[in-house]
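Scroll down for the structure; my scribbles are underneath it.
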Ligand code: NIG
Ligand code: FE
């Protein structure tokens, strides 16, 4: 049993669980001032205002959170954090003027990471990825989706997915895995892209499904990568294995990726820098979570998606880090909240909804994570002493995490 008492503000509380928040609701956040939170058997057992605290809650471990806030852990629904090495030299090329696509065309980018991954042992890949997991846990993340996609051949895609499975087994964070064989066309298939799509469908997908290695399937459906037709083929094949799509879409152009994702009942479509009226129309009324990755737009110096317009139209939004070596080498979700506020003009309430409950929805864990709700898994963090929740995105580089609790156990602080 664990009691957190005297919490200055307890954020994102729900008496009745919601699956996600959309449109105008994004602007409201349920907060209890001067609150307690009571944990039993790894779950949230009760919460409320301090005057409602029951005496029996005082018999276990007690943490005094005077002056501090408590938030449900961040749910980071889009990352590529299993990768080998780093790509800081391409970063320098970008500073000197090359675009993301130009670097990719020269064999850099995803293909560069693929080469590095190929030459890295399973254990070394696990070790590097584990240190990124430890880093994001200490920054307040309690659930993360991780994609394959730096293998680009059957053996190496399986190698990545097995590393993700090992992380699932050996770390306290909740992990969902996504098969992203169609992330880039490997150089052997440079002049035979449809041959590579055949390989993804005929060899990789069955092997991934056979070992039960993936929860979801992804395709990079964008200009210069995979077409709508190819995406259609891959998603149709994946549906036979019950792999729901989460799509990279409309980062580089109006690619049709959003529409093809919605057509296949994608759980999320992600990036969305190029979103217009047609795309918004197709998302309205769907079960697909539009997910924005402002760390990537920031890092690549690209245009921002029309977040305000999307919310005004009634859409929900999730924000995720896209943690990867090329377009967003950080998984710091507090920083993502700041990008959401500054670059996407979202309010603190909107970004908190986007990185908790809506992030949980975008990775299929909203029933057990994403809010402070009785019966949900006790994944949350306690901040340092701060004036209020608006201070979190405002103090954009300060580490304000004081203690992290995952599954009811204190893992930091
Ligand atoms: O989400 N856009 C496609 N894939 C990744 C980048 C991967 C990389 O550059 O290594 C992304 O930004
Ligand atoms: Fe990505």
Subject >> Long-range Cα-Cα pairs in the chain (distance over 31 Å), rounded percent >> reply: 35 percent
Original post:
Which order do 146, 201, 136 fall in if you start with the one that has the fewest other Cβ atoms within 10 Å?
Top reply: 201, 136, 146
Subject >> DSSP beta bridges in region 75-361 [antiparallel fraction, %, rounded to 5] >> reply: 5 percent
**OP:** Quickly rank 48-58, 216-226, 161-171 as a protection proxy: mean count of other C-beta atoms within 10 Å, highest first.
**Re:** 216-226, 161-171, 48-58
Subject >> Peptides ranked, highest mean first, by Cβ atoms within 10 Å: ranges 76-82, 6-12 >> reply: 76-82, 6-12
**OP:** Return one number: the angle in degrees, 0 to 90 and rounded to the nearest 10, between the long axis of the Cα atoms of helix 122-138 and the longest principal axis of the Cα atoms of the chain.
**Re:** 40 degrees
Subject >> Rough spin-label spacing in nm, given labels placed 7 Å along Cα→Cβ, for residue 399 and residue 30 >> reply: 3.3 nm
**OP:** List 147, 127 from most exposed to least, where exposure is judged by having the fewest other Cβ atoms within 10 Å.
**Re:** 127, 147
**OP:** Just rank 150, 126, fewest to most, by other beta-carbon atoms within 10 angstrom.
**Re:** 126, 150
**OP:** For a label point 7 Å from the Cα of residue 134 along Cα→C-beta, name the residues of region 151-174 whose backbone N is under 16 Å from it.
**Re:** 167-168, 170-173
Original post:
Nearest 10 degrees, 0 to 90: what angle lies between the long axis of helix 154-170 and the longest principal axis of the chain (Cα atoms)?
Top reply: 10 degrees
Subject >> Extended-chain gain in nm, criterion 0.36 nm per residue less alpha-carbon gap, residue 286 and residue 194 >> reply: 30.1 nm
Subject >> the chain, relative contact order in percent, only Cα pairs under 8 angstrom and at least six apart counted >> reply: 22 percent
**OP:** Order these peptides, 83-91, 289-297, by their mean beta-carbon neighbour count within 10 angstrom, highest first.
**Re:** 289-297, 83-91
Original post:
Roughly what angle does helix 333-344 make with the longest principal axis of the chain, taking Cα atoms, 0 to 90 degrees, to the nearest 10?
Top reply: 70 degrees
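Bear in mind that the values in this text are calculations on the coordinates, not laboratory data. Note that the structure is a prediction, hence the values are computed from the model and not measured. So basically every Cβ, Gly included, is an ideal-geometry build from the backbone, and we count neighbours across all protein chains shown.
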